[in-house]
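Peer 1: Okay, here's the structure, questions in a sec.
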Amino acid sequence: MAFPGTGKIWMNGTLVDWADANIHIGSHVIHYGSGVFEGARCYSTPRGSATFRLDAHLNRLFDSAKIYRMEPTYSYNELHTAVMDTIRANAFKACYIRPLVYRGYHTLGVNPFPCPVDTAVMLWEWGTYLGQDALTNGVDVRISSWSRSAPNTFPTLAKTSANYANSSLIKMEAIAEGYSEGIALDTFGYLSEGSGQNLFVVRNNVIYTPPITASILPGITRDSVIAIARDHGFKVREEMLPRELLYIADEAFFAGTAVEITPIKTVDKITIGNGRRGPITEAIQQSFFDIINGAVEDKHGWLEYVYEGEPRQTVSAAAPNAASGRR
Ligand code: PMP
């Protein structure tokens, strides 16, 4: 989906017009991928627009910055306010939320320390990522010939721009060969995740997902799926998983802010289960959509209403932790 090219983007404390939200070609991040970022969503509900787990996304942003030794210029509360203000400034009902903290313009040595830590919040209206049909009927995927990063190379618990070079290789290979997505293994050969989403496998009524030691990004949607699955009384196990478990699974699905919950129909042309969205996938998907659509009580407190004045008590009342900026 092409960008709208209009609206406001928040940059270092100021709302600027879309066309003016530029950075210099000499910025460190452009050359060395020295940025961390988030991808969250705001949904339209009957009670008004609400962000989904924005607190968890901002906390992960501060974690990513800490791993990369970046001292954020703005506190948790300032960034939270920036996101809410930018949604309101654009009068969006529903949108994708992209906060970025990155090394800006100063020098181009590999050492990022001399470069300023700049911050931006960009929003746009973004519908279904893999298409509406994908949410109902599932997608065809392949195991990627690219692995996720080995431990001690690129830290996958950080959502850093640099990690998306690997994601792009996985995604391009999949598309070039006629698949919607690729699933990467870790460097030990265990299932890891998709190019931009976590993986769940269902077999004999047990839900499995790779653990954080399998070179995954610890997804906020993954965490939500685990909570929803446990609410339903399903068993969830975070375990190292062999590739072939996927081939003999009853059901499999992706979870991520962009893909939301998307069933997987085939892997390497092997049909998963009966080739249709399975009952456990459907139950979790339905509960997830009921929450983000405001159709059921938000018992986990995941929604935060944008146009209701002050942010939710738990966010606004908490003092940010001075060391990390976390709330
Ligand atoms: N893994 C990767 C590599 C991702 O880019 C994403 C999207 N941020 C996810 C998993 C899912 O994370 P989340 O549910 O927080 O969007």
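The values are calculated or read from the model by the stated rules, or taken from the named source; none is laboratory data. All of these numbers come straight from a predicted model, not from anything done at the bench. Cβ placement follows ideal geometry from the backbone for every residue including glycine, while neighbour counts extend to all protein chains displayed. Only protein heavy atoms, including side chains, enter the accessible area calculation; ligands, DNA and RNA are left aside. Shrake-Rupley method; radii C 1.70, N 1.55, O 1.52, S 1.80 Å.
Peer 1: Might you check whether a residue that is away from the ligand (no atom under 14 Å from the Cβ), on the phi > 0 side of the Ramachandran plot and surrounded by fewer than 16 Cβ atoms within 10 Å (Cβ to Cβ) occurs anywhere in segment 248-261?
Peer 2: Checked against the condition, which is being away from the ligand (no atom under 14 Å from the Cβ), on the phi > 0 side of the Ramachandran plot and surrounded by fewer than 16 Cβ atoms within 10 Å (Cβ to Cβ), segment 248-261 yields no hits at all.
Peer 1: Right, here's the next one. Touching a residue at least 24 places away in the same chain (Cβ under 8 Å), over 26 Å from N22 (Cα atoms), among the aliphatic types (A, V, I, L, M) and touching a Ser or Thr at 6+ places or on another chain (Cβ under 9 Å): is that true of L123 in this structure? Please lay out each step first, then the result.
Peer 2: Working: touching a residue at least 24 places away in the same chain (Cβ under 8 Å): yes; over 26 Å from N22 (Cα atoms): no; among the aliphatic types (A, V, I, L, M): yes; touching a Ser or Thr at 6+ places or on another chain (Cβ under 9 Å): yes.
So L123 fails the test.
Peer 1: So which of I175, I170, I220, I228 ends up being among the aliphatic types (A, V, I, L, M), open to solvent by 30 Å² or more (accessible area, probe 1.4 Å) and either within 16 Å of the ligand (Cβ to nearest atom) or at pLDDT 95 or above (or both)?
Peer 2: Matching residue, one of I175, I170, I220, I228: I175.
Peer 1: So which residues in segment 262-307 are among the hydrophobic types (A, V, I, L, M, F, W, C), in a loop (DSSP other than H, G, I, E, B) and open to solvent by 30 Å² or more (accessible area, probe 1.4 Å), if there are any at all?
Peer 2: A295, V296
Peer 1: Report, by residue number, each residue of segment 1-22 that is among the aliphatic types (A, V, I, L, M) and surrounded by 15 or more Cβ atoms within 10 Å (Cβ to Cβ).
Peer 2: Applying the first criterion (among the aliphatic types (A, V, I, L, M)) to segment 1-22 yields 1-2, 9, 11, 15-16, 19, 21.
Those that are among the aliphatic types (A, V, I, L, M) and surrounded by 15 or more Cβ atoms within 10 Å (Cβ to Cβ): I9, M11, L15, A21.
Peer 1: Tell me the strands (runs of 3 or more DSSP E) entirely within segment 1-110 that contain at least 2 residues that are within 16 Å of the ligand (Cβ to nearest atom). Don't jump to the end; show me each part of the working.
Peer 2: Details: elements: 8-11, 14-17, 35-37, 40-45, 48-52, 95-103.
Once the strands (runs of 3 or more DSSP E) in segment 1-110 are filtered for at least 2 residues that are within 16 Å of the ligand (Cβ to nearest atom), what remains is 35-37, 40-45, 48-52, 95-103.
Peer 1: To continue, here is another question. Just to be sure I understand, how many residues within segment 103-118 are of a type in the set (A, V, I, L, M) and under 19 Å from A21 (Cβ atoms)?
Peer 2: 1
Peer 1: Could you list, ordered by first residue, the pairs with Cβ atoms under 8 Å in which the first is in segment 69-86 and in the same structural domain as P116 (by TED's automatic domain parsing) and the second is of a type in the set (D, E, K, R), at least 6 apart or interchain?
Peer 2: Between residues of segment 69-86 that are in the same structural domain as P116 (by TED's automatic domain parsing) and residues that are of a type in the set (D, E, K, R), the close pairs are M70/R103; T73/D118; Y76/R326; Y76/R327; N77/R327; H80/D55; H80/R327; T86/K8.
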